[in-house]
Structures are given as C-alpha cells and as structure tokens.
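Chemist: The structure is given below, and queries will be raised subsequently.
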Amino acid sequence: MAVRIRLTRTGRRNCPSYKVAVFDSKTRRDGKYIENLGSYDPKKKDPSQKVVLKADRLKHWISNGARMTPSVEALLKHVKISAV
C-alpha cells in the first residue's frame with residue numbers, strides 16, 4: 001500500500017480550507033483518509049494560524065515511508081516547517 005500525505009479540500013464555495021491528511025495513493029481527493037495531520041486555511045491573515053500541523057505525526061509517517069505531494073512540500077517550505 002503506497003501512502004501519500006496530501007491536501008483535501010473542505011469549506012464552502014469561494015472560501016476554501018484544506019486538511020493535511022494521510023491517504024492511500026488510490027483514494028480520491030476528498031475520500032476517506034487514514035489520519036488527519038492538521039489544517040491549512042489560506043484566507044487567514046496571520047501566517048502562524050494558516051498552517052496547523054501535528055509535527056510529530058508528520059515525522060512518524062515520513063519515517064514509515066509516506067511521500068508528500070508537491071503541493072504539501074511547497075506549503076511546508078513556505079511556512080518553514082521541517083518535515084525531516
């Protein structure tokens with residue numbers, strides 16, 4: 001089973017928010033996830049509140065072989081969170 005860390009969209013029309021979650025690679029974008037790792041809200045003004053993550057669980061999944069999608073990698077670089 002290939003595991004990916006990716007974004008799933010939540011929120012209403014024109015007001016997006018996202019969950020950062022662990023998925024089986026064959027699951028659809030808004031399908032059932034294995035574990036929720038946090039959230040990303042691009043509409044928030046304060047950068048410290050835009051991304052809320054469980055860093056210890058993120059490192060756990062990466063150490064067990066989960067791969068991040070390019071969008072999640074870019075998001076973590078932008079907010080300066082080290083995943084490794």
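Chemist: Polar (S, T, N, Q), closer than 23 Å to residue 64 by Cα and either outside any loop (DSSP other than H, G, I, E, B) or in contact with a strand residue (DSSP E or B) (Cβ under 8 Å, 6 or more places away or on another chain) (or both): does that describe residue 27?
Modeler: no
Chemist: In segment 51-84, how many residues are outside any helix (DSSP H, G or I) and either hydroxyl-bearing (Ser, Thr, Tyr) or in contact with a His (Cβ under 7 Å, 6 or more places away or on another chain) (or both)?
Modeler: Total meeting the criteria: 2.
Chemist: May I ask you to list the residues in segment 1-57 that are under 18 Å from residue 74 (Cα atoms) and touching a residue at least 60 places away in the same chain (Cβ under 8 Å)?
Modeler: The answer is 4, 5, 6, 7.
Chemist: Might you check whether a residue that is surrounded by 10 or more Cβ atoms within 10 Å (Cβ to Cβ) and in contact with a helix residue (DSSP H, G or I) (Cβ under 6 Å, 6 or more places away or on another chain) occurs anywhere in segment 21-38?
Modeler: Yes, segment 21-38 contains at least one residue that is surrounded by 10 or more Cβ atoms within 10 Å (Cβ to Cβ) and in contact with a helix residue (DSSP H, G or I) (Cβ under 6 Å, 6 or more places away or on another chain).
Chemist: Output the number of the condition that residue 50 fails; it satisfies all remaining conditions of (1) of a type in the set (D, E, K, R); (2) surrounded by 14 or more Cβ atoms within 10 Å (Cβ to Cβ); (3) over 13 Å from the mean Cα position of the chain (by Cα).
Modeler: Unmet condition: (3).
Here, each number is a calculation from the coordinates, and none is a lab measurement. Because the structure is a prediction, the values reported are computed rather than measured. As a convention, Cβ positions derive from the backbone with ideal geometry for all residues, glycine included, and neighbour counts pool all protein chains shown.
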